[in-house]
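Structure first, commentary second.
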Amino acid sequence: MQSLMPIEYAAMKLCRFDDNRLGLVGEDGIRDVSAVLSRLPAVTYPFPRHDALVAHLAELRPQIEHAARGAKPLAAERVRLLSPLANPGKIIAAPVNYKKHLEEALADKGIHHGNLVQEIHKAGMFLKATSSLVGPGEGVKLVHSDRRNDHEVELAVVIGARARNVSAAEALGCVAGYCIGLDMTIRGPEERSLRKSPDSYTVLGPWLVTADEVPDPGNVALRITVNGATRQDAHTSDLILGVAQLIEWASAFYTLHPGDVILTGTPQGVGPVRPGDVMVATIERIGSMRVAVQ
Ligand code: MN
């Protein structure tokens, strides 16, 4: 008897590069699969609140694989990587979600600036402007460079399905995939939404890794170096609220749409960057991205 197993596609790494090309990332390079974008439904004003590619990713996966078969691999170093997400409806972020980062933030006036720093159960979450989003190839352009501007490396979760009041038990079923996130931050007294939302202060990359490639997002190492020196070197097993709990929490306040991003919080070791610095952020099972500071 023939079994009726669901069709399973191999895990994918998808990038956006150069002039808004869509790429499938493989061991030997990036294959241009932009032709599948013409399969996305035509939209008219008002535009949907979701990211169209993420919303239709499941049905496009076989077509992406098909398009990749005829494409020549491009060397990843030769392309300019953009944010893998073009149009996220919102970027949600967790403020203090690692215990050791809470301790360093409380101990360092250069981080807390007299602001009330509380752990996430009290502080909840906040939003970053979608206009702050760039990819690694675009770099971070500091504003107010007379003030302390810090790197914060974070596991970024990309929502794949419309979700509202999701329980933690079902939350991972709403995830399309993961990226490396940088939540760049000007330290100072103002609201987070102001200090963390200048243009280029949210970096996502180097690609979107589909959720099947990261079976347990609570079990990956993350790190960042600046000019080759390690600054943050931590593990998502130390998250206070894990990915499933963050989705539960966020979806109790907002409807989550495909393409919405949750930045899960940064571990200890945040520190300043200056123009000319080069950050390299790495997360296990996702990859590594190089981001220049201007
Ligand atoms: Mn952060």
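Taking the criterion of being charged (D, E, K, R) and closer than 17 Å to Asp233 by Cβ, the residues of region 252-288 that qualify are Glu284, Arg285. Here Ser131, Ser145 are screened, and the one residue that is among the hydroxyl-bearing types (Ser, Thr, Tyr) and part of a loop (DSSP other than H, G, I, E, B) is Ser145.
Residue count for region 88-116, restricted to those that are surrounded by 18 or more Cβ atoms within 10 Å (Cβ to Cβ) and under 19 Å from Leu194 (Cβ atoms): 9. Screening region 217-275 for strands (runs of 3 or more DSSP E) wholly inside it with 1 or more residues that are crowded, with 17+ Cβ neighbours inside 10 Å and free of Cβ contacts under 8 Å to residues at least 60 places away in the same chain returns the ranges 221-226. Just a yes or no: is a residue in region 176-187 farther than 16 Å from Leu133 by Cα, under 14 Å from the mean Cα position of the chain (by Cα) and surrounded by 22 or more Cβ atoms within 10 Å (Cβ to Cβ)? Among the residues of region 176-187, at least one is farther than 16 Å from Leu133 by Cα, under 14 Å from the mean Cα position of the chain (by Cα) and surrounded by 22 or more Cβ atoms within 10 Å (Cβ to Cβ), which makes the answer yes.
Filter region 177-212 down to the residues that are assigned to a helix (DSSP H, G or I) and of a type in the set (Lys, Arg), then identify the one that is farthest from the ligand (Cβ to nearest atom). The qualifying residue farthest from the ligand (Cβ to nearest atom) is Arg195. Looking at region 84-113, I want the residues that are free of Cβ contacts under 8 Å to residues at least 12 places away in the same chain and have a partner that is within 13 Å of the ligand (Cβ to nearest atom) and of a type in the set (A, V, I, L, M) with Cβ atoms under 7 Å, at least 6 apart or on another chain. Which pairs are those? What qualifies is Leu106/Val117; His112/Ala105. Within region 102-155, if we keep just the residues that are of a type in the set (Asp, Glu), more than 12 Å from the ligand (Cβ to nearest atom) and modelled with pLDDT of 90 or more, the residue that is farthest from Gly188 (Cα to Cα) turns out to be Glu138.
The values are calculated or read from the model by the stated rules, or taken from the named source; none is laboratory data. Keep in mind that this is a model prediction, so the values were computed, not measured. Cβ: placed from backbone, ideal geometry, glycine included. Neighbour counts: every protein chain shown.
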